[in-house]
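Asker: Sharing a structure with you now.
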Amino acid sequence: PIVTLSMFAARTQNVRVMTGILLAGLRRPATLAKMLSTLDVLSEGRLDIGVGVGWQHQEYDANGVSFKGRGAHLNETLAICQTLWRETSAQYESPAVAFSKTHLNPKPLQDGGVPIWVSGRLNPNVLDRIVKFGSGWIPWGDHVKDPVSGLATIYEALEKHGRSSEGFQCTSHVAAVKGADGEFDIAASLDPVGALVEGGVTD
């Protein structure tokens, strides 16, 4: 998706470009941070990154990454990306990765780095990932049908951990409704939008 977004970023001027989703844990963290930072600069700050753990173990097997520990691996990947984006002379240490005095340039144009949208059902692991890294949420599973109630759960978790929900983003979709004549009924299709926006859905 990074290659695809690079093409769209080069051919547009105003629209934001975003993955939905990127399996960030399959990439080397520092290399991913560099690629995303470069794309953010080249797109003039129009990049968002939607991330998730995926469901297909074969993708992990083919990349030599453990499927069983994919959630923790994604968390570490995001932590390393944000460290490299935010620190001039970055350092990071964990049982798996350690570096210091590491410079990543160019830095993303957006303050704090490329915005991260976390995808997934709101289990404790996903909620924790949103609180730690998330600028937005991509609902999954049952939450696709009712993102507003999911957002209420997220707002509560953000508040509990001292984060404001102001500016937090969420994506959803509306179903295309057809009338009795078989043609699309635009008004009926857009009818749910008001309640979604009022509930916090932004995209």
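The values are calculated or read from the model by the stated rules, or taken from the named source; none is laboratory data. Small disclaimer: the values here were computed from a predicted structure and weren't measured. Note that each Cβ is placed from the backbone with ideal geometry, even for glycine, and that neighbours are counted across all protein chains shown. Protein only, heavy atoms only, side chains kept; ligands, DNA and RNA dropped before computing areas. Shrake-Rupley method; radii C 1.70, N 1.55, O 1.52, S 1.80 Å.
Asker: About the Cα centre of the chain, what is the dipole size in debye to 20, counting +1 per Lys and Arg Cβ and -1 per Asp and Glu Cβ, all else neutral?
Answerer: Computed about the Cα centre, the dipole is about 880 debye.
Asker: Against the longest principal axis of the chain, how steep is helix 147-160, in degrees 0 to 90 to the nearest 10, with axes from Cα atoms?
Answerer: 40
Asker: For the stretch 36-82, with every protein chain kept in place, what is the accessible area per residue (1.4 Å probe, Å²)? Walk me through the numbers on the way to the answer.
Answerer: Values: 2060 Å² over 47 residues.
The answer is 44 Å² per residue.
Asker: Against the longest alpha carbon principal axis of the chain, how many degrees, from 0 to 90 and to the nearest 10, is the axis of helix 2-11 turned?
Answerer: 70
Asker: Oh, and also: Quantify, in whole percent, the carbon and sulfur part of the accessible surface of the chain (1.4 Å probe; protein heavy atoms only). Working shown, then result.
Answerer: Values: 6250 of 11710 Å².
Carbon and sulfur atoms account for 53 percent of the accessible area of the chain.
Asker: Turning to a different aspect of this structure: For the stretch 37-53 and the stretch 78-100, what is the separation of their C-alpha centers, rounded to whole Å?
Answerer: Each part's Cα centre sits 18 Å from the other's.
Asker: Here's a follow-up. For the stretch 117-203, would you read off the P(r) tail past 21 Å as a percentage of all alpha carbon pairs?
Answerer: 33
Asker: Mind checking which of Tyr155, Gln169, Gly112 is farthest towards the positive end of the stretch 106-192's charge dipole, using Cβ charges of +1 (Lys, Arg) and -1 (Asp, Glu) about the Cα centre?
Answerer: Farthest towards the positive pole: Gly112.
Asker: Something else: Based on the Cβ-Cβ distance of Glu198 and Ser66, what FRET efficiency does E = 1/(1 + (r/R0)^6) give at R0 = 41 Å, to the nearest 0.05? Don't skip to the end; give the middle numbers.
Answerer: Values: r = 42 Å, r/R0 = 1.02.
E(calc), rounded to 0.05, equals 0.45.
Asker: Do me a favour and compute the ellipsoid semi-axes for the stretch 1-90 from its Cα gyration tensor, root of five times each eigenvalue, largest one first, whole Å.
Answerer: 24, 17, 10
Asker: A follow-up question, please. Using 10 Å bins from zero, what percent of all Cα-Cα pairs in the chain falls into each bin?
Answerer: Bin by bin from 0 Å, the calculated values are 8, 30, 35, 20, 5, 1, 0.
Asker: Mind checking the dipole of the stretch 119-159: about its Cα centre, +1 per Lys or Arg Cβ, -1 per Asp or Glu Cβ, Debye to the nearest 20?
Answerer: On the way: 4 positive and 5 negative charges, 34 e Å.
Value, rounded to 20: 160 debye.
Asker: Hey, what angle do you get for helix 124-133 against the long axis of the chain, alpha-carbon based, 0 to 90 degrees rounded to 10?
Answerer: On a 0 to 90 degree scale, this one is about 70.
Asker: Right, here's the next one. Report for the stretch 1-148 the percent antiparallel among DSSP-assigned beta bridges with both residues inside it, nearest 5.
Answerer: Values: 3 of 13 bridges.
Bridges in the stretch 1-148 are about 25 percent antiparallel.
Asker: Normalised by the number of residues in the chain, what is the relative contact order in percent for Cα pairs under 8 Å and 6+ residues apart?
Answerer: Details: 299 pairs, mean separation 32.5, N = 203.
It comes to 16 percent, rounded to a whole number.
Asker: Report the one residue of Val126, Pro139, Leu78 whose Cα lies farthest in the direction of the positive end of the charge dipole of the chain (charges on C-beta: Lys and Arg +1, Asp and Glu -1; origin at the Cα centre).
Answerer: Of the listed residues, the answer is Leu78.
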